[in-house]
Amino acid sequence: MRTLIHSAAAALFAVAAFTLPAVAQSAKVDPAVVEKAVTGMFGHAPAAWQEKIVQDETQKACSLHRNAPPADVAKAISAREEKNVVLPADGKFLGDWKSGEKIAQSGYGGRHTDDPKREVGGNCYACHQLSKKELSFGTMGPSLVEYGKIRKYKDEDVKAAFIKIYNAQAVFPCSNMPRLGHSKHLNEQQIKDLVALLFDPESPVNK
Ligand code: HEC
């Protein structure tokens, strides 16, 4: 009997798991219902995380338009996001590609079990190919192989890469790439090191 109840519960769970996303994608779903479900799921998250559950204006607009904002909304998003990019005070965008490589290959940080004293990673490899030799990488983002080489190591592209990593949505509204500088996940030096990874001719990206 117990097994029967368990399998019935499992079946119900499976049905719920498969039908819920379908509901969420229907145009008629009330955003307040989604909001309540999401905040409910994170109800026991540490206090410092609670603010992450609250969407900012850009996130709200992207949710509302299902990541396909109309032109005027897209323009407003990139204008707003561009404003919060803090460019390096020393005007230098290139750091150390070797540190950049470590940051790009690390997904450490941001979990409540992570040691806050250890350096966090950018998790770039989870979405991008970064070198021809890499065996395993994610493909949600485009391959970044030969990124600097293709762009002839031009200064304006170096600066654009800094802005991209700092706040992907300043360049591509509702991008699936996290706003790594804006969210303070990565600091200025780490972003410079990542720009060097993309633009140093000696970096594995350009080999
Ligand atoms: C969750 C997935 C994800 C992660 C993690 C991620 N990206 Fe991206 N990235 C994307 C997607 C998707 C795009 C394409 C859309 C866009 O341009 O925003 C992109 C675009 C880019 C571009 C522009 C590519 C072009 O064609 O000019 C650069 C540069 C880039 N990412 C660098 C990085 C770096 C460096 C990191 C690590 C700090 C990183 N990304 C982490 C998903 C990701």
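The values are calculated or read from the model by the stated rules, or taken from the named source; none is laboratory data. If you're wondering where the values come from, they're calculated on a predicted model, not measured in any experiment. Heads up, the Cβs are rebuilt from the backbone with ideal geometry, glycines too, and the neighbour counts pull from every protein chain shown.
Details
- Selection from region 22-61 of residues that are at pLDDT below 85, assigned to a helix (DSSP H, G or I) and of a type in the set (S, T, N, Q): 25, 39, 50
- Note on region 173-187: residues that are touching a residue at least 12 places away in the same chain (Cβ under 8 Å) and farther than 25 Å from residue 116 by Cβ total 3.
- Unique residue being among the polar types (S, T, N, Q), in a loop (DSSP other than H, G, I, E, B) and buried (at least 18 other Cβ atoms within 10 Å of the Cβ) when the list is 143, 131: 131
- Failed item in (1) within 16 Å of the chain's Cα centre (by Cα); (2) more than 10 Å from the ligand (Cβ to nearest atom); (3) modelled with pLDDT of 95 or more; (4) among the small types (Gly, Ala, Ser), with residue 203 passing the rest: (1)
- With respect to the conditions (1) under 27 Å from residue 60 (Cβ atoms); (2) surrounded by 14 or more Cβ atoms within 10 Å (Cβ to Cβ), residue 96 falls short on a single one, namely (1).
- The set of residues from region 102-144 being over 20 Å from residue 166 (Cα atoms) and touching a residue at least 40 places away in the same chain (Cβ under 8 Å) comprises 112, 131, 132, 133.
Every residue, every condition in (1) surrounded by 13 or more Cβ atoms within 10 Å (Cβ to Cβ); (2) not assigned by TED's automatic domain parsing to the domain that holds residue 141, yes or no:
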{"residue": "32", "(1), (2)": "no, yes"}
{"residue": "50", "(1), (2)": "no, yes"}
{"residue": "70", "(1), (2)": "no, yes"}
{"residue": "85", "(1), (2)": "yes, yes"}
{"residue": "102", "(1), (2)": "yes, no"}
{"residue": "106", "(1), (2)": "yes, no"}
{"residue": "109", "(1), (2)": "yes, no"}
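- Residues being assigned to a loop (DSSP other than H, G, I, E, B), hydroxyl-bearing (Ser, Thr, Tyr) and under 21 Å from residue 181 (Cα atoms) - total across region 109-128: 0
- All positions within region 182-200 that are modelled with pLDDT of 95 or more and within 18 Å of residue 57 (Cβ to Cβ): 182
- Candidate set: region 146-169, residues that are among the aliphatic types (A, V, I, L, M) and under 13 Å from the mean Cα position of the chain (by Cα); chosen: the one surrounded by the fewest Cβ atoms within 10 Å (Cβ to Cβ): 168
One line per residue, one yes/no per condition, for (1) of a type outside the set (Asp, Glu); (2) closer than 20 Å to residue 176 by Cα:
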{"position": "33", "(1), (2)": "yes, no"}
{"position": "46", "(1), (2)": "yes, no"}
{"position": "49", "(1), (2)": "yes, no"}
{"position": "57", "(1), (2)": "no, yes"}
{"position": "61", "(1), (2)": "yes, yes"}
{"position": "66", "(1), (2)": "yes, yes"}
{"position": "74", "(1), (2)": "yes, yes"}
{"position": "81", "(1), (2)": "no, yes"}
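- Residues within region 146-184 that are of a type outside the set (Gly, Ala, Ser), assigned to a loop (DSSP other than H, G, I, E, B) and either within 14 Å of residue 86 (Cα to Cα) or near the ligand (Cβ under 8 Å from one of its atoms) (or both), tallied: 9
- Filter result (part of a helix (DSSP H, G or I) and without any contact (Cβ under 8 Å) to a residue 60 or more places away in the chain) within region 62-74: 63, 64, 71, 72
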